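Encoded as structure tokens, the structure appears first; notes follow it.
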Amino acid sequence: MKNRLKVLRAERNWTQAQLAAELAVSRQTINAIEREKFDPSLSLAFKLSRLFDLPVHDIFEDDNPNNR
Amino acid sequence: MNETQNSNAKWAAEVKRNISRLHYWVCAWVISIGLLAIGPKLLWNLNTTMTIVVGLANLAIGVGMIMANMQFVKGQDEMQQKIFLEAAALTLGVIVVFGGSYQLWGSAALITFEPQVWHLLCVMGLTFMIAMSAVTRKYR
């Protein structure tokens, strides 16, 4: 799944460690999500949505063209 | 960002606590296994009561270690849990395949030594370490 996490984080000048601390996950998890190697659960996606004050679909995008 | 910092600091502290708790339980279990292995002959001269007491203590410590391990895994974040799950699945598969045929190698005289349970434990430990490292690298 594609996401804009890295851009959104950079816009706020947050480090991966700061974002990880906010979400109660490890920095490695943030890194894996940003590199699109790990898709977060719905619960973590909603946490991100609340934190960035954006709807989930503005952060994540389904990379399967059949689902668009 | 400050609102959630307290609960997240608690999560980080909980993870650290789980790691040290697991560390203590594993150390205690290894000591109790060692005691059970060498104790009967070298320390208490095959005294059955002592062997039973140490054997029961070993089992109780083993249960404690299992609980500590479960608590450790539950305390991890979702990606760490996924890494653990994939490594555990791989280890389980290797142990079933290897363990199933290992006993037969002995009876078919394919190996010159007698198959022992601790051989399986060693294979399991090594497989899990390699699997954890490989799966962690996959998500890096």
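Below is a table of values for the structure above.
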read-out	value
Residue that is farthest from the other protein chains (Cβ to nearest Cβ) [pool: residues in the stretch B:80-104 that are within 18 Å of the chain's Cα centre (by Cα) and among the small types (Gly, Ala, Ser)]	B:Gly99
Residue check for B:Thr91: outside the structural domain of B:Ile33 (by TED's automatic domain parsing) and either in a helix (DSSP H, G or I) or closer than 22 Å to A:Lys37 by Cβ (or both)	yes
Scan of the stretch A:22-39 for residues that are touching a residue at least 12 places away in the same chain (Cβ under 8 Å) and either part of a loop (DSSP other than H, G, I, E, B) or more than 9 Å from the chain's Cα centre (by Cα) (or both), ordered by number	A:Glu22, A:Leu23, A:Val25, A:Asn31, A:Glu36, A:Asp39
Flag if A:Asp58 is assigned to a loop (DSSP other than H, G, I, E, B), away from chain B (no Cβ under 14 Å) and surrounded by fewer than 16 Cβ atoms within 10 Å (Cβ to Cβ)	no
Search result, residues across the stretch A:40-55 that are part of a helix (DSSP H, G or I) and either among the β-branched types (Val, Ile, Thr) or surrounded by 16 or more Cβ atoms within 10 Å (Cβ to Cβ) (or both)	A:Leu44, A:Ala45, A:Lys47, A:Leu48, A:Ser49, A:Leu51, A:Phe52
Selection count, the stretch B:34-51, where residues are in a helix (DSSP H, G or I) and not β-branched (Val, Ile, Thr)	9
Residue within the stretch B:107-123 that is under 30 Å from A:Gln16 (Cα atoms) and loosely packed, with under 12 Cβ neighbours inside 10 Å present	no
B:Thr127 vs. criteria under 30 Å from A:Ala32 (Cα atoms), within 14 Å of chain A (Cβ to nearest Cβ) and surrounded by 12 or more Cβ atoms within 10 Å (Cβ to Cβ)	no
Qualifying positions in the stretch A:1-39 - of a type outside the set (Asp, Glu), loosely packed, with under 15 Cβ neighbours inside 10 Å and farther than 25 Å from B:Thr136 by Cβ	A:Val7, A:Ala10, A:Arg12, A:Asn13
Test: B:Ser133 is out of contact with any Pro (no Cβ under 8 Å at 6 or more places or on another chain) and within 14 Å of chain A (Cβ to nearest Cβ)	yes
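Here is a yes/no grid of residues against (1) surrounded by 12 or more Cβ atoms within 10 Å (Cβ to Cβ); (2) at pLDDT 90 or above; (3) within 14 Å of chain A (Cβ to nearest Cβ):
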residue: B:Thr4; (1), (2), (3): yes, no, yes
residue: B:Asn8; (1), (2), (3): yes, no, yes
residue: B:Ile19; (1), (2), (3): yes, yes, yes
residue: B:Val26; (1), (2), (3): yes, yes, no
residue: B:Leu35; (1), (2), (3): yes, yes, no
residue: B:Val53; (1), (2), (3): yes, yes, no
residue: B:Ala57; (1), (2), (3): yes, yes, no
residue: B:Met67; (1), (2), (3): yes, yes, no
residue: B:Glu78; (1), (2), (3): yes, yes, yes
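The values are calculated or read from the model by the stated rules, or taken from the named source; none is laboratory data. Just so we're clear, the structure is a prediction, and the values are computed from it rather than from any experiment. For neighbour counting, all protein chains shown are included, and Cβ atoms are generated from backbone atoms with ideal geometry for every residue, glycine included.
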